[in-house]
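Have a look at the structure below, then the notes.
Each reported figure results from applying straightforward, stated rules to the coordinates on display, with no laboratory input. Just so it is clear, the model here is predicted, and its values are computed rather than measured. Ideal geometry is used to build each Cβ from the backbone, glycine not excepted, and the neighbour counts take in all protein chains shown.
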Amino acid sequence: MVRKEVSPFEFFEETDSLMRSGGLLLVSSGKDGKPNAMTIGWGLVGTMWRLPVFCVAVRLSRYTHKLIDETGRFTVCLPSKNMDEVLDVCGTKSGRDMDKLKELGLTAKKGKVVDVPYIEECPIHYECEVIYKTVLEPGQLKKAVEGDVYPTGNYHTMYYGHIKGVYAEEGAHGNLL
């Protein structure tokens, strides 16, 4: 299906709702170009430095962390209906151990403006280039939050991705998970 470019904020409500209810798919690829997808439930879409930005949180231990550090780019894909299994596998299995896209029968398509693919089966995707990152460190968060979210010390890097483009299939509003 043909995708058209839309405003970076056209699907803000759907993006926020999916993050809170089931997750989104963060796609990255390293120097070797092999794509990997990870389910994310934390992130922010907004304006920073006068630019549209998608901020994603990736734990230091994740394979995705290595891939984003290698290329400085990622895509975020909004899942379509009936992608619960995809979100489950991408949220529980590591790309170090399996080719998730191949195993799940997903199609990686070349990004339109960034050199990272998106998942064709997802009706909407954001293409982002990292413009800033910061690693959360012990003692930076309120103690109650830190103790709840980081009991083992596996912190996140916050990647601020300049949204270079958002692309949606016709009728995408009604085809989301």
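Structural descriptor for the chain: relative contact order 30 percent, calculated from alpha carbon pairs under 8 angstrom and at least 6 residues apart.
Each residue of region 23-39 is assigned a 3J(HN,Hα), and the resulting list reads x, 10, 10, 8, 10, 9, 8, x, 4, 6, x, 6, x, 9, 10, 9, 6 Hz, derived from the Karplus form 6.51 cos²θ - 1.76 cosθ + 1.60 (θ = phi - 60°), x at Gly and Pro. Applying a DSSP loop filter and a limit of 12 other Cβ atoms within 10 Å to the chymotrypsin sites (Phe, Trp or Tyr not before Pro) in region 28-83 leaves Trp49.
Anyone know which of Thr152, Thr75, Thr107 comes out most mobile in the 10 Å Cα GNM of the chain? Most flexible of the set in this elastic network: Thr152. Measuring nothing but alpha carbons in the chain and taking Rh as the Kirkwood radius, the Rg to Rh ratio lands at 0.95. Reported to the nearest whole Å, the Cα centre-to-centre distance from region 64-82 to region 20-52 is 4.
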